[in-house]
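Shown next, in structure tokens, is the structure this report addresses.
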Amino acid sequence: MAEEVITRSAEETVAWGRMFAETLGVPVLVLLSGELGSGKTTLTKGIVAGLHAADENEVTSPTFTLLHEYGEGRKVFHGDLYRVESFHDFETLGLEDVFAKPAIVILEWSEKFPLKTEWPQIRLRLEHLGGDARRISRL
């Protein structure tokens, strides 16, 4: 898969997420970074749908709930650290329970709290290029 791709619409971002999902093994931690509105949740819609854990329309931003769980067999967790202000808040997410069993964990705003885990990590940075265009870079 290319180290950088430019998508020109939300639909293309979702489609790229579906393709990216096919490359994921279990367990894996997918770390998403990028400014507000850069497409992190849109990309996650494609990843979750590509993993057959939920329909893309069921995937929403976990900004206020902080963590969503999808899938019946293979679990997919989608977290958002944007509103997490302290290590204490971070601990209340219950990520130690999430990491107790092999799963796919997707974290938005992951740069706020670097995680120490033995799980493989994939870092993606999203950039808003104007209009509906986004750059997705694998770091």
Problem - Of all residues making up the range 103-118, the number that are over 14 Å from residue 47 (Cα atoms) and crowded, with 16+ Cβ neighbours inside 10 Å - result: 3
Handout entry: Residue among 50, 79 that alone is closer than 17 Å to residue 115 by Cβ, in contact with a helix residue (DSSP H, G or I) (Cβ under 9 Å, 6 or more places away or on another chain) and small (Gly, Ala, Ser)
Key = 79
Practice task
Identify all residues within the range 113-131 that are touching a Leu at 6+ places or on another chain (Cβ under 8 Å) and either modelled with pLDDT of 95 or more or closer than 23 Å to residue 17 by Cα (or both); write none if there are none.
Solution key: 115, 119, 120, 121, 122, 123, 124, 125, 126
Practice task
Can you confirm whether the range 99-121 contains a residue that is in a loop (DSSP other than H, G, I, E, B) and hydroxyl-bearing (Ser, Thr, Tyr)?
Solution key: yes
Problem - Test result for residue 81, surrounded by 14 or more Cβ atoms within 10 Å (Cβ to Cβ), more than 20 Å from residue 49 (Cβ to Cβ), over 12 Å from the mean Cα position of the chain (by Cα) and of a type in the set (A, V, I, L, M) - result: no
Fill in the blank from the handout: Exactly one of 60, 41 is within 13 Å of the chain's Cα centre (by Cα), surrounded by 16 or more Cβ atoms within 10 Å (Cβ to Cβ), at pLDDT 90 or above and within 24 Å of residue 138 (Cα to Cα), and that one is 41
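The values are calculated or read from the model by the stated rules, or taken from the named source; none is laboratory data. A quick note: this is a predicted structure, and the numbers were derived from the prediction, not measured. Cβ coordinates were reconstructed from backbone atoms using ideal geometry, including for glycine residues, and neighbour counts include every protein chain displayed.
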